[in-house]
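To keep things clear, I will list the structure first and then write my remarks on it.
Every number in this text was worked out from the coordinates using simple rules, so none of it is lab data. Fair warning: this is a prediction, and the values are worked out from it, not measured in the lab. Ideal geometry is used to build each Cβ from the backbone, glycine not excepted, and the neighbour counts take in all protein chains shown.
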Amino acid sequence: MNLDNQTTMYDTYMGNCSQNTDAIWVRETNPAYYGSYTCEDFNQNGTCEKGIVRLNFDTLSRDDGGSIDLWKSVACQELGHSVGLTHASNDCMGNLSLLEYSPHHVNHVNNDRWP
């Protein structure tokens, strides 16, 4: 799930949200979802500048079977959405038993969206 190790992207903990914050992580309350991603601020070119990643603690806790892997996989998928990835069955973007991104998705992150 770690974008630092798989792609040219990196993460930084800013402490407080600022104009440089790309993704804000919050607790989801809709019981229909494990997690979700929503863009909150588009630039003039239609590219998302800031989004909100939500994880539903209650639903994940109910279904995790005592393992952290479901949480990791859902976080992996929602983080992938925050960098423009779509669902796919061969990585965490669509298969909750997987915890990493496929080479195809890694290529998109490294070459398409982030120069």
Radius 12 Å from Cβ of residue 56, net charge of other residues (Lys, Arg +1; Asp, Glu -1): -2
Counted charge near residue 69, where neighbours are those whose Cβ lies closer than 13 Å (Asp, Glu -1; Lys, Arg +1): -2
Ascending count of other beta-carbon atoms within 10 Å, so fewest first, for 67, 102: 67, 102
For residue 35, net neighbour charge (Lys/Arg +1, Asp/Glu -1) across residues whose Cβ lies under 15 Å away: -2
